[in-house]
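Asks: Starting off with a structure, shown below.
The values are calculated or read from the model by the stated rules, or taken from the named source; none is laboratory data. Since the model is a prediction, treat every value here as computed from it, not as a measurement. Cβ placement follows ideal geometry from the backbone for every residue including glycine, while neighbour counts extend to all protein chains displayed.
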């Protein structure tokens with residue numbers, strides 16, 4: 001992700017705000033620029049605090065689908081950003097975000113006690129197999145590669161996108177060969193990293209200089225890299241990048257690149273999937289689903305029905 005032909009751009013001061021915000025752009029959403037940040041009633045430091053979960057009631061039919069003896073769930077989330085990703089409220093202890101709201105709402109539908117634990121994004125999926133967590137909820141994109149070892153229950157549709165500095169000559173990326181010779185910053189352990197690495201040959205195949213993939217565990221480091229001219233482009237979630245563009249100067253959204261379903265992640269062969277699927281569908285039916293998306297400004301990511309481990313979207 002760094003390049004000999006790399007150009008160091010002078011950046012705008014607002015980029016420091018992006019860096020300090022440490023945007024959580026983990027795994028893969030859609031939406032429109034006009035939607036980003038809407039529904040943020042009662043914000044705490046700019047974070048929406050509207051209560052969209054407490055009114056949710058247990059749904060007996062969904063709860064009966066739980067494996068025998070399941071009365072509590074431990075769900076892992078990755079923390080480190082601003083809406084719609086998971087972050088802390090101003091008290092420094094209360095977790096909030098779109099994934100957190102969906103997790104809490106599903107637990108209420110199923111009538112189970114919930115423990116939400118923080119973990120690094122790249123550590124969550126491996127930890128599911130050991131039984132450390134019952135599920136993961138960190139905007140995990142559903143890919144065919146992941147489906148080999150992980151079960152998913154979908155709850156939104158998100159995807160991959162690109163953003164860059166406003167003074168960049170890039171306008172739209174439809175082919176990764178447009179990135180040849182550039183440095184691409186992205187999150188470690190994400191579908192973005194996988195997509196870039198799997199296709200790293202496209203530039204050399206075309207007789208051009210390869211792009212370089214720079215991966216970071218901390219999202220603030222991604223924006224720092226762009227700010228300081230060490231990266232040319234960011235590849236991350238559609239919703240996360242649209243949010244950054246809608247709230248900051250000096251950066252522009254390029255385009256959606258590849259859409260992906262996003263789901264709760266489980267150990268392969270889990271018995272929890274049917275219950276989670278029924279719970280998500282109940283939230284869609286009773287209107288809670290729409291309220292969660294409106295709160296986080298992601299109505300463009302809505303799905304009409306939850307599915308268990310669907311094939312990867314090919315678009």
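Asks: Kindly indicate which of 155, 133, 183 is surrounded by 18 or more Cβ atoms within 10 Å (Cβ to Cβ) and within 29 Å of residue 210 (Cα to Cα).
Replies: Values: 155 fails: within 29 Å of residue 210 (Cα to Cα); 133 fails: within 29 Å of residue 210 (Cα to Cα).
None of the other options fit; the residue is 183.
Asks: Another question about this same structure. Return the total of residues in the stretch 74-95 being at pLDDT 95 or above and surrounded by fewer than 21 Cβ atoms within 10 Å (Cβ to Cβ).
Replies: Number satisfying all stated conditions: 1.
Asks: Mind telling me which of the residues 55, 63 ends up being closer than 17 Å to residue 273 by Cβ and at pLDDT 95 or above?
Replies: 63
Asks: Criterion first (outside any helix (DSSP H, G or I), assigned by TED's automatic domain parsing to the domain that holds residue 100 and in contact with a helix residue (DSSP H, G or I) (Cβ under 8 Å, 6 or more places away or on another chain)) does residue 278 satisfy it?
Replies: No; evaluated as a whole, the condition is false for this residue.
Asks: From 265, 244, grab the single residue that is assigned to a strand (DSSP E or B), in contact with a helix residue (DSSP H, G or I) (Cβ under 7 Å, 6 or more places away or on another chain) and closer than 25 Å to residue 137 by Cα.
Replies: Numbers: 244 fails: assigned to a strand (DSSP E or B).
Of 265, 244, the one residue that is assigned to a strand (DSSP E or B), in contact with a helix residue (DSSP H, G or I) (Cβ under 7 Å, 6 or more places away or on another chain) and closer than 25 Å to residue 137 by Cα is 265.
Asks: Surrounded by fewer than 17 Cβ atoms within 10 Å (Cβ to Cβ) and at pLDDT 55 or above - does that describe any residue in the stretch 26-45?
Replies: yes
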